[in-house]
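Take a look at the structure set out below.
FYI, it's all coordinate maths here, none of it is from the lab. Since this is a predicted model, take the numbers as computed values, not measurements. No Cβ is skipped: glycine too gets one built from the backbone with ideal geometry, and neighbour counts run over all protein chains shown.
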Amino acid sequence: MSSITSSFRFALMFVISSTILLGFSVSDAANRPEAVLESVRFDHAQQLELAGRDARLQLLVTGDTQDGQQIDLSHHVRLSAEPAGIVEFEGSLLVPLADGEAVITATTESGQEVKTTARVTQMGQESQISFPGKIIPIFTKLGCNGGGCHGKVAGQNGFKLSLLGFGPKEDHEHLASETRGRRISLANPDGSLLLLKAINASPHGGGQRLEKDSHEYRIMRRWISQGMPYGDDDPSQLVGIEVIPQHRRMAPSTSQQLTVVAKYSDGSIEDITRAAVFESNDPSMASVNDQGLVDLNQVVGDVAVMTRYQGHVSVFRADIPLDRKQGEPRPEYVDPTGNLVDELVWKKLESLGIPTSETCDDNTFLRRITLDLAGRLPTLEEVQTFQTSQDPLKRNEVIERLLASEEYAEYFASKWNSILRNQRQGGGLRFASLAFHDWIRESIYQNRPYDQFVRDIVAASGSVANHPPVVWYQQVPDTNQRIEDAAQLFLGQRVQCARCHHHPYEKWSQADYAQLSAFFTTVSKKNTGDPAEPSFFARIGGASARDPSSGKNLVPAGLDSGDLQIAPYEDPRAAFADWMTDPENPFFAKALVNRYWKHFMGRGLVEPEDDLRVTNPPSNPELIEGMAEHFVRYGFDTKSLIRLIVQSKTYQLSNNAKPDNLGDRRSYSRYYPKRLQAEVLLDAIDRVTLSPTRFSGMPAGVRAVALPDTGFDSYFLTVFGRPQSSTACECERSQEANLSQSLHLLNSEEIQGKLSAETGRAALLASDPRTDTDKINELYMITLGRSPNETENQASIAYVQGKENKREAYEDLIWSLINSKEFLFNH
Amino acid sequence: MAQSHRQSVALVNNTKIFASIPSGLIIGLMILLAQFNAVDAVAQVEVTQLFALSRTGGQRGTAFEVSTALGNHLTEIDSLVFSNPLITAELVTSDPRPFSEDRVPQFGQFRVNIPAEIEPGRYEVRVSGRNGLSNPRSFLVTAQTHQTPASLSHDEQSPTELPLNTFLHADATAAAIDFFRVQLDQPSRLHVEIVAQRLDSRMIPSCKIVDSNGTVIKSFRGADGFDATWKSNDPLPAGQYTLEVSDFIYRGGVDYHYQIFASFDSAIPINRSVKPSEGRLPVAWESRSVSMADFQEKAIADIVLTESDPSTPPTDAIESVSLPYFGFHTFSDFSKDRSFEFDAQQGQVIAVDVIADRLGDPTDGRILVQRIEPQESNSPTLHDIANFDDSQGISDGALNLISNDPSGLFTAPENARYRVSIRDLDVGSTLQTQKQFVLRIGPPQPSFDLVAYRPHAHSDLKQSQPTGTRLFRGSKEIIRLFAIRRDGWSGAIRVSCEGLPEGISAPEITIAANQSFAQIPIIASDQAPQTLSPIQLVGRSEDGTIERQASAVVVQWGKGGGRDFIQTRQTDSLWVKVSENDQIPISASFDTAEIVEVKKGEAVKIPLRLQRQEGGKAACVARARHFPPGIKAADLTIPAENNEGEIEIKTEPAAATGTYSLWLQVETKIKIQPNPESVQRVQAYRDHLGKLLEAPEQQEQLEPLKAAVTEADKLVEAAKNASKEKEITVFLPTNIATLRVIDP
């Protein structure tokens, strides 16, 4: 292969790739329309109260527009207070100065005014600062007790805090008892290492976390000067927090101030906005700063901001409709013809004013559905048959044919095999991993109802030979890992945090975790033959697990479910499976629906797909609910769910973006292209080059997607992101593009070898007596599932005919095609 | 029985010496030896190991050729020994050598004849030759025809034709699939059976049936101890079907042989018979664990597992039974119980047994016993009394006698009604959808069973391999015995070897009450004649009230090929072969004929003497092997210049009193010449030619004679090379010392 040939290849590739996938470029979004205010109001439910000198109150000023929208004006009004001296303002933050009442006035730029009253009390009292109530939240807000800092198990540089402050007693003990004299100086609070480090006056690995004149600094200083009290042993319990507002429709590139209120068991409330932690679920759509100010980017769709304080969470959701110019008509949406997916996607798009792209053409559909269902390119025969068919139902027929194929089972078995961590133990092929893979594949081929599929795994009992799902217990040997994997895989719940402390983003406590793990505490194994293939079963005994926080032994219970009394000779895992697969279970069906939705649509309704929590809401709650109901109603029939998705117009939309839906990445107004998975891409290249890859120990012709585990040595598969099957997370599979991938495709020995194989496609085409036009047309159909357009055709013919060495010419043409984005992506 | 076996062995010692050298065989054997010696991590006395024959069975009433295909130490294999003596084998011979009138035996190649009157079933075959008698391999006799295709297709476009009702012989190919085509002329229930595990093949058979549209009709596989069998519930449409067959983990070679059989609307041709008869193997043939064929023999002797349903269909209803009870049932589905209720009196001891795993079904039964307390208005209250899981948990690292079957005794705490619930903890259905069990509830039948096998002569049992028998004159072989006690019986067992032929002896040994296994040495005298004989081991309780014959077990495969355990199975019997051509260069024996007494917590020294001959002059290390708990002995080294030593046996204060049979394993190096007779034979032929060369009447054939001499010289050279003296490490057993541990 000459270097001249290679340079021609690049030129040719440009011709091919420049004609497709316009949707990858970026354009500006529409500008925000002018809003006409009808009224202005303070957005607080109660009278503003500030008790004590440490109180702070985030003001929230909202404008109601004539078209019924709400606009945040908190940072766009002029604030004033009468009489003076009672309160002052730090931006839109209200700060007490003296006991008394003050009238707060907010004035808009156009002169509209709104008033409210603030009352300040207890300014003269030197109230004791509570360590858990005031100091711990500061640590959390500043990140001091995070997992990457002093919250690590071993602490950081000798200073250890409980992770996220879930052990305040221990933290107080560390601070007050162990290091007095150096870390804390009662005589000279400002000389305390705790404060010196925080302001970086003493070298601090974490850098400066506080300003010396900040509110937080003053609180900590005063706490030290008070003698570092722990605080009231029986304070009012924090029962929850609430973010205000909870939901807004906002225009792109606008902002929204949030305020967070803590609610206590005695009925009192407290503004904790400055103490709460905020986090956006999609920073590319919206950012949020420490003060709770949400800034939207120039995107449309929906976004959520989670706020967290002392183990409690609350979520703000923003819908971001497309800003339309005055008089611009709203898009019309076609009749969804009863498809639930279309109905609910359309509903959201309509709400956001986002238009859909057109329906994709037949060639695109055939390629898309074949890749998504069978993990392979459509064959030449399939492309030709589909092109010529006039059957109006031909798309549904293709779906049915593929769903009935073994290739569908192989492809989805590969998906499950990986997240079920099925991998060989040792060098060569192993019976256990092959048996489990075979069982998964067969279950999918037989369309085993998903609830039974899951039950067979989590309640697996017996031998590897007769009941291969027990391999899951061998691959996941630790009880904690088992419950964490089961929760993540089948419930979309990441409970691992709750093993050591209260889940920071969820309501799950250590007790919840213990009760889940109790289901697995009677699992035992025994060796009967090959020690690599032990049998698993539930021994007779009472299932229970210790809650580290209370020290009590707890009986099994599902999440948000009551205690279960299970007879000692019954398998607790059967009860776990009963609870999980109960149609009323709020997690089970949704987790699978979201996982499969992402497989086909490229992005989950919840991202990551296995992290369904209240602080990470779905982009279309009705849709996930609706599909979950469908899934349950049809007996957990995965094929039925797949049909629901892929028969929808939503799935069959073109990836070609319109100006008004280019920015949509969460509402499915168009198809989002996705790079082919490593195994699918390798199989596709093998198919196109007619040079199949051999995998060690496997028969010839076995596709990469049909491999029984990920233990096969393949640089190609590694560099294109094949997972290692070491966790239950689909995130192990990388579908990102990188330079190594490009170099491998462009110039590796492996690819060059496939292109120039003696029995490869290029050699066959070179010796094929047909016209170049026919051969090139066929090559495009095999590779891209379509005929070349005129530009491509002319360029290709000219290139092939311009080269004396026809075999090299066809090698170059194939090389160009497999390096095109159209080939590399499912679009 | 033994006599008839001996008659069936076609020994060739009477053939003329020089005629017994096949052309090129020595060179071939040298290659073979070089190829497979690597299997032995430590060199051993060469004992024939048979891994595969070229053919694994045939139709009754036919004759066909069979040859050795894979093994170790397959020198001069001259006979096949079948478990049924009616099956015979004749050594194939070729034309005589130049200037000889005797046909040349083709060692390792036989013509086998299966008489028409033989019952179909699985039999065993062993090969016998210069290095002794091999381990057995299965040999399948059927009423149906057998074929061996010239080649197998790995191309799905041109599959191998598979005629219906015919056993097709094949070897799996590594990383390849064998494609077969079967034609159904009319809608039929297709029945496909891939026999491999039952043939002692390493193959785990896997099969996929695909119709002409490419739709997969069925995928099914076997496992260790299970073959791949499928029968369609509904008739399949007429047409062509492709069968894709491979080892499940894509291994291959001649030791991955299989037979594939397809028929329609017919019964499975290989019934499983519980009782071994006419040299056939018992039903419990699975290699994972060895079942007791005679366990509950009386009770289950009449049960023949066929396609027929058990006596009671699976039901969730509770069955009322009266004691003693014996029944044949089917397990309930996933995590459900089969329950049986009966009345019992306070103090009544009741045995409960479930037999399922031991019958070859993939099960893991568990028994729960509950007392039922009636309630006037509500459901009765159940009180847990006992639960039983796996029984006979005995293993030595090589032989695994663990059974998944539960059994146990309980004493009824009061006059009441009781419930026994049986659950299968192996909830899968990959290997079998309907699983059966035999249930016994009744008075205990205290007794024991014996299992005997010949361990591989190695210091590490985990290195066990299939091994045969080759008893040098003056040497010993160890047979290991396992005692499986049941229904609360806990006594000591005296074991003796009966019916031994001339020149072979074995002492009576004792399996103490606190032991589950012991060893018995089989000893060949210095003048023992050439002998080939099965041996019988009989165990008796000390009071003589119980007598049991040992079931025989063999190692079929060592670790390897992706399987990390030693595979064993039952065999018809253990054999012993004495080689009169071999004299052991060294042997070690305890120098005491009496029972040695020792008090608990004390030590005793027992002399150990070596009998050295030429080739046995090296130092020896004697090691205690498998001593019972609380009894220990440090290694004893006897230098090369000494012939005796004393081994000190220490007992701990906690050692149990009783009589123990102890043995040592002696590691040493010996020098032996592998096959000096072969040199003599070819040299005799060479001498014969030399004489002819000098004879005046042969002058007319001088050139052919010279050519024959040249070839004979090569044979002599090759034989000499193959027979060069070797120094090898061996592990030799001592005789038995009987130790009686008494209270101080």
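What the table shows:
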{"quantity": "Pairs of alpha carbons in the stretch A:750-827 whose separation is greater than 16 Å (percent)", "calculated": "47"}
{"quantity": "Under 18 Å from residue A:806, Cα to Cα: lysines that are on another chain or at least 8 residues apart", "calculated": "A:754, A:775"}
{"quantity": "Gained length - residue A:736 relative to residue A:381, 0.36 nm times residue gap less alpha-carbon distance", "calculated": "124.7 nm"}
{"quantity": "Viscosity 1.567 mPa s, 4 °C: Kirkwood-radius Stokes-Einstein D of chain A over Cα pairs, µm²/s", "calculated": "43"}
{"quantity": "Order by protection proxy (mean Cβ within 10 Å, highest first), peptides A:746-752, B:191-197", "calculated": "B:191-197, A:746-752"}
{"quantity": "Chain B: calculated mean residue ellipticity at 222 nm from DSSP helix runs of at least 4, using -39500 (n - 2.57)", "calculated": "-2500 deg cm²/dmol"}
{"quantity": "Per-residue mean of C-beta atoms belonging to partner chains within 10 Å, peptide B:394-400", "calculated": "1"}
{"quantity": "Gap separating the Cα centres of the stretch A:377-392 and the stretch A:409-443, nearest whole Å", "calculated": "32"}
{"quantity": "Per-residue HN-Hα couplings for the stretch B:619-635 [Karplus 6.51, -1.76, 1.60; θ = phi - 60°; Hz; x = Gly/Pro]", "calculated": "5, 10, 10, 9, 10, 5, 10, 6, 5, x, x, x, 10, 9, 8, 6, 4"}
{"quantity": "Residues in the stretch B:97-119 reached by a label modelled at residue B:700 [backbone nitrogen below 20 Å; 7 Å Cα→Cβ]", "calculated": "B:98-101"}
{"quantity": "Per-pair calculated FRET efficiency, R0 = 25 Å: residue B:680 and residue B:714 via Cβ, rounded to 0.05", "calculated": "0.90"}
{"quantity": "FRET E, pair residue B:384, residue B:637, Förster distance 60 Å, beta-carbon r, rounded to 0.05", "calculated": "0.60"}
{"quantity": "At R0 = 56 Å, FRET efficiency that the Cβ-Cβ distance of residue B:181 and residue A:284 yields, to 0.05", "calculated": "0.45"}
{"quantity": "Full-stretch length increase - residue A:388, residue A:214 - with 0.36 nm per residue and alpha-carbon distance subtracted", "calculated": "55.3 nm"}
{"quantity": "Of A:134/A:590; A:507/A:639; B:462/B:617, pairs whose Cα-Cα distance is over 31 Å", "calculated": "A:134/A:590; A:507/A:639"}
{"quantity": "Three-way shape label, the stretch A:301-447, alpha-carbon gyration tensor, a/c 1.5", "calculated": "oblate"}
{"quantity": "Gyration tensor verdict on chain B (Cα atoms; rounded if a/c is under 1.5, prolate if a/b is larger than b/c, oblate otherwise)", "calculated": "oblate"}
{"quantity": "Trypsin sites (Lys or Arg not before Pro) restricted to DSSP loop in the stretch A:729-827 with at most 12 other C-beta within 10 Å", "calculated": "A:770"}
{"quantity": "Interchain or long-range residues, amide H under 5 Å from residue A:117's placed H", "calculated": "A:48, A:104"}
{"quantity": "Nitroxide proxy distance, nm - points 7 Å out along Cα→Cβ at residue A:614 and residue B:707", "calculated": "10.0"}
{"quantity": "Anchor residue A:821: lysines whose Cα lies under 18 Å away (excluding residues fewer than 8 positions away in-chain)", "calculated": "A:674"}
{"quantity": "Karplus-derived 3J(HN,Hα), 6.51/-1.76/1.60, for each residue of the stretch A:430-437, Hz, glycine and proline x", "calculated": "10, 4, 4, 5, 5, 5, 5, 4"}
{"quantity": "Degrees, to the nearest 10: A:772-784 long Cα axis against longest axis of chain A", "calculated": "30"}
{"quantity": "For A:529-542, mean number of other protein chain Cβ atoms within 10 Å", "calculated": "4"}
{"quantity": "Cut-off 20 Å, label 7 Å out along Cα→Cβ of residue B:614, residues of the stretch B:658-690 by amide N", "calculated": "B:669-684"}
{"quantity": "Gain on full stretching of the segment that runs from residue B:158 to residue B:581 - 0.36 nm per residue minus C-alpha separation", "calculated": "147.0 nm"}
{"quantity": "Simple spin-label estimate for residue B:599 and residue A:187 in nanometres, 7 Å along Cα-Cβ", "calculated": "7.7"}
{"quantity": "Loop-resident sites, the stretch B:665-744, for GluC sites (Glu not before Pro), counting at most 13 other Cβ within 10 Å (DSSP)", "calculated": "B:725"}
{"quantity": "Separation in nanometres of the label points that stand 7 Å from Cα toward Cβ, at residue A:112 and residue B:525", "calculated": "12.2"}
{"quantity": "Residues B:330, A:773, A:710 arranged by fewest to most Cβ contacts within 10 Å", "calculated": "A:773, B:330, A:710"}
{"quantity": "Compactness of the protein assembly as shown - radius of gyration and Dmax, Cα, Å", "calculated": "41.2, 149"}
{"quantity": "Simple Cβ-charge dipole of the stretch B:94-233, Lys/Arg +1 and Asp/Glu -1, about Cα centre, in debye nearest 20", "calculated": "340"}
{"quantity": "Assigned charges on the beta-carbon of Lys, Arg, Asp, Glu; chain B dipole about Cα centre (debye)", "calculated": "960"}
